[in-house]
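The values are calculated or read from the model by the stated rules, or taken from the named source; none is laboratory data. Computed from a predicted model, the values in this text were never measured in an experiment. A quick note on method: Cβ atoms are made from the backbone with ideal geometry, for glycine too, and the neighbour counts reach across all protein chains shown. Areas reflect the complete protein model, heavy atoms only, side chains present, ligands, DNA and RNA absent. Shrake-Rupley method; radii C 1.70, N 1.55, O 1.52, S 1.80 Å.
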Amino acid sequence: MIFTVAIDGPAAAGKGTISRAVAEAFGFAHLDTGALYRAVGVKGGDPVEAARSLTPEDLSRDDLRSLEAGQAASRVAVIPEVRAALLDFQRRFARRDGGAVLDGRDIGTVICPEAEVKLFVTASADVRARRRWLELGGEAAPRALADVLAEVQERDARDMGRTDAPLRAAADAQVIDTSALTSAEAIAQAVALVAKAL
Ligand code: C5P
């Protein structure tokens, strides 16, 4: 069965949590496409070369979730040749047999416009920054909440402002605003929308 769930949205909106849960609920494969850009961003050297030669080891580095890796990812993600180098892998993953969930910024708009379900997962910048800050350790985090908020906003602006595959909801995407939802509630909404389309 070919069935793609495209989940897009800004940083720390809950895409990862929702994507993993949807994949598990339906037995679909899951690809966190942000990890591809993060791996390119932290690899160093020429980003286009890095994107063309990504290895499984690059994708399993344990520094990929850091704020620095997120910033590095959004800087290389503006380069059209970097995006082009990562396109085929993502498209093939999306249409693999057995169902796939991909989360990112351009899955419903560029990678898989034919996706059977498109979700745009969002939340206010304040809520997203607080979540990322708590993930980094809260009071024990290496950054103050205000700094995390500034980084989230900087990354949003770069992701929405780029010319190639900017972050935006596809016209036919269903929006889930997780600002006032628990993760269980957000997951339940997403699972219900996918179940309806199956
Ligand atoms: O989702 P995550 O925070 O891991 O993504 C890191 C960065 O990678 C994003 O800020 C964005 O610049 C880039 N990205 C992208 N397209 C995707 C996924 C991520 O441009 N499909």
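From helices alone, the chain scores -15500 deg cm²/dmol at 222 nm; the rule is -39500 (n - 2.57) for each run of n ≥ 4 DSSP H residues, then divide by the residue total. Between E116 and R96, the modelled labels are 1.6 nm apart [label points 7 Å from Cα along Cα→Cβ].
Counting only protein chain heavy atoms and rolling a 1.4 Å probe, the accessible areas of F26, F93 rank, largest first, as F26, F93. Packing here is the average count of other Cβ atoms within 10 Å per residue, and on that basis the peptides 4-16, 183-195, 138-150, 73-85, highest first, run 4-16, 73-85, 183-195, 138-150. Roughly what would the spin-label model give for R75 and M1, points 7 Å off Cα along C-beta, in nm? With each label point 7 Å from Cα toward Cβ, the separation is 4.4 nm.
The simple Förster model, with R0 at 35 Å and r as the Cβ-Cβ distance, assigns E49 and Q153 a FRET efficiency of 0.70. Taking the square roots of 5 times each eigenvalue of the Cα gyration tensor of the stretch 134-198, largest first, gives ellipsoid semi-axes of 28, 21, 8 Å.
Membrane-span-like helices of the chain, defined as complete DSSP H segments with a Cα extent of 27 Å or more along the helix axis and a mean Kyte hydropathy of at least 0.0, are absent.
The gain in end-to-end length when the F89 to E57 segment is fully stretched comes to 9.9 nm, 0.36 nm per residue minus the alpha carbon separation. Potential lengthening of the chain between V175 and V191 amounts to 4.4 nm, from the contour at 0.36 nm per residue minus the alpha-carbon distance.
How many angstrom lie between the C-alpha centres of the stretch 4-51 and the stretch 144-198? Centre-to-centre (Cα) distance: 13 Å. Once the Cα-Cα distance is subtracted from the 0.36 nm per residue extended length, the T163 to E24 segment shows a gain of 46.6 nm. Remark on the stretch 4-191: Rg and Dmax equal 15.6, 44 Å (Cα only).
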